[in-house]
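Report on one structure; see the data block that follows.
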Amino acid sequence: MSTRTDALDFIKHNYDFYLGILQDFIKIPSISTDSNQKQNMVEAANFIKHILNQFGINDVQILDTKGYPVVFAEKKSSNQNALTVLIYGHYDVQPVDPIDLWQTDPFTPIIRDKRLFGRGSSDMKGQVVASLAAYHAINSTGEIPVNFKFIIEGEEEIGSPNLANFLLEHKDLLKCDVILNPDSGMISPDSPTIVYGLRGLTYFELNVFGPDHDLHSGSFGGVIHNPAIVLSELITKMHDQDWKVTLPGFYDDVIPLSDEEREKLLKLPITEDDLKRQTGAPALWGEKGYSPIERLGSRPTLDINGMISGFTGEGSKTIIPSSAMAKISMRTVPNQDPEKIYRQLKKFIEDNIPHTVTWDLKQFAGGWASISDIHHPGVIALTKALKQEWGTDPLFKREGGSIPVVASMQRILGQDSVLTGFGLPEDKIHSPNESLHLPTWKKGMLSLVHFFFNYAGLE
């Protein structure tokens with residue numbers, strides 16, 4: 001039987017080996033949003049299969065979806081009563097634009113100041129390799145204490161549009177006792193973190209149409225309603241003076257924070273100055289009546305992600321544009337239904353847009369919010385594991401971002417996800433010069449070894 005100490009020592013002695021695997025993984029430009037990278041997406045899936053085979057798992061399958069394939073692998077313990085851990089990950093990464101802001105090539109991994117720079121180093125190729133390394137260390141030093149299953153997809157960065165159907169089709173294959181999802185992060189290098197709540201996402205494109213072509217503003221100004229003005233005024237009405245969202249019924253299904261949650265959130269060492277420093281914003285903003293920490297993860301939001309209308313080139317051009325467009329997204333919280341949000345937005349537009357224009361509303365892929373039981377055995381095992389490596393109790397937080405697969409797995413597989421990760425706010429995920437703090441990553445691998453032993457009940 002493998003011992004915890006043997007596996008931990010194996011990680012330490014083979015750290016450079018695992019780092020090399022991560023560097024090779026980063027070299028593959030697996031950008032799911034770019035149709036020109038289809039071959040690289042397939043290469044990334046095959047890379048994962050090769051590593052899993054190399055790590056002693058023969059039962060590895062590359063399973064097709066309507067989009068990019070899912071890699072599935074399974075390794076059973078000799079213990080007939082062993083619990084099963086399903087480990088989630090994704091091999092796709094964000095686009096690199098704007099490329100001119102990168103200090104080095106995004107797909108040429110470089111180590112500088114204890115950081116590994118490269119697209120996907122933190123989100124989430126580093127987290128995938130950390131999970132694989134923890135399994136490999138345990139498997140290489142004795143018998144594994146739990147059944148391992150891996151599901152690594154290629155569409156997380158585009159909202160996992162085909163994963164729900166995949167889960168439904170392979171529900172028996174994915175049967176497990178808990179899901180480990182390391183696709184979140186830590187507050188700081190000294191503050192291990194467990195994320196127990198994720199906001200959902202609904203995304204829309206609103207087009208407003210006026211005249212059938214751009215008009216001379218001198219000839220028609222004051223007679224034809226300007227679509228850009230209509231859209232701007234409509235957007236202004238989407239928040240009231242307290243910055244609450246004004247869509248009818250928007251907050252009806254929001255579950256209030258419990259006293260226990262508020263107490264845990266108050267322990268988070270995140271200040272207003274921290275948020276201003278991370279963002280470069282001169283001041284904070286948001287819904288009145290809630291602290292910044294509460295607004296970050298436990299309150300729903302409505303944001304404008306982009307607007308286009310009329311002439312935007314150099315110099316001047318006096319027109320009334322024929323149309324205006326806005327990208328609108330809502331970060332939702334547990335119990336809010338994306339389809340109900342769509343109906344609320346549509347009703348708001350119908351009630352507030354003038355008859356002088358026409359309009360069209362498109363809905364894009366999104367996902368439900370999720371919340372996990374902080375008293376789940378998997379959460380307890382991870383809480384202990386992080387403390388064993390960091391020497392301090394982990395912090396609990398709700399994450400402001402969205403990981404659609406968590407809610408899908410909760411609904412379809414009937415299991416909660418234990419969310420953690422070893423990325424940091426300074427990693428610049430989704431931005432130029434993404435990087436991974438290597439000392440934190442190494443401790444993360446060691447803590448995952450603890451987690452698997454803890455969850456199995458082996459001391």
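Taking the residues in the range 351-394 that are small (Gly, Ala, Ser) and surrounded by 19 or more Cβ atoms within 10 Å (Cβ to Cβ) as candidates, determine which candidate is nearest to Thr332 (Cα to Cα). Spell out how you get there, then give the answer.
Quick first cut of the range 351-394, residues small (Gly, Ala, Ser) only: 365-367, 369-370, 372, 378, 381, 385, 391.
In the following step, the residues that additionally are surrounded by 19 or more Cβ atoms within 10 Å (Cβ to Cβ) were identified as 366-367, 369-370, 372, 378, 381, 385.
On the way: Gly366: 10, Gly367: 9, Ala369: 6, Ser370: 10, Ser372: 16, Gly378: 25, Ala381: 29, Ala385: 31 Å.
It comes out as Ala369.
Could you say which residue among Leu231, Leu198 is touching an Asp or Glu at 6+ places or on another chain (Cβ under 7 Å) and surrounded by 22 or more Cβ atoms within 10 Å (Cβ to Cβ)? Walk me through how you get there before you give the answer.
Details: Leu231 fails: touching an Asp or Glu at 6+ places or on another chain (Cβ under 7 Å).
Within the list Leu231, Leu198, the selection yields Leu198.
Return the only residue of Asp9, Asp16, Asp34, Asp24 being within 14 Å of Thr108 (Cα to Cα) and surrounded by fewer than 20 Cβ atoms within 10 Å (Cβ to Cβ).
Answer to the selection: Asp24.
Quick test of your reading of the structure: Lys443 fulfils all but one of (1) within 24 Å of Leu198 (Cβ to Cβ); (2) of a type in the set (D, E, K, R); (3) outside any helix (DSSP H, G or I). Name the failing condition by number.
(3)
Run Leu247 past the list (1) farther than 20 Å from Pro354 by Cβ; (2) within 29 Å of the chain's Cα centre (by Cα) and report the number of the one that doesn't hold.
(1)
Please note which strands (runs of 3 or more DSSP E) are completely contained in the range 342-437 and include at least 1 residues that are of a type in the set (Lys, Arg) and more than 28 Å from His170 (Cβ to Cβ).
The strands (runs of 3 or more DSSP E) meeting that bar are 358-367, 395-399.
Considering Asp416, Asp427, which residue is assigned by TED's automatic domain parsing to the domain that holds Asn14, at negative phi and out of contact with any Leu (no Cβ under 8 Å at 6 or more places or on another chain)? Write out each step before concluding.
On the way: Asp427 fails: out of contact with any Leu (no Cβ under 8 Å at 6 or more places or on another chain).
Checking each option against the conditions leaves just Asp416.
Of everything in the range 415-440, what is at pLDDT below 95, under 22 Å from Phe451 (Cβ atoms) and surrounded by fewer than 20 Cβ atoms within 10 Å (Cβ to Cβ)? Give them in sequence order.
Of everything in the range 415-440, just one residue is at pLDDT below 95, under 22 Å from Phe451 (Cβ atoms) and surrounded by fewer than 20 Cβ atoms within 10 Å (Cβ to Cβ), namely Gln415.
The values are calculated or read from the model by the stated rules, or taken from the named source; none is laboratory data. In this text, all values refer to a predicted model and were calculated from it rather than measured experimentally. When we count neighbours, we look across all protein chains shown, and the Cβ atoms used for this are built from the backbone with ideal geometry, even at glycine.
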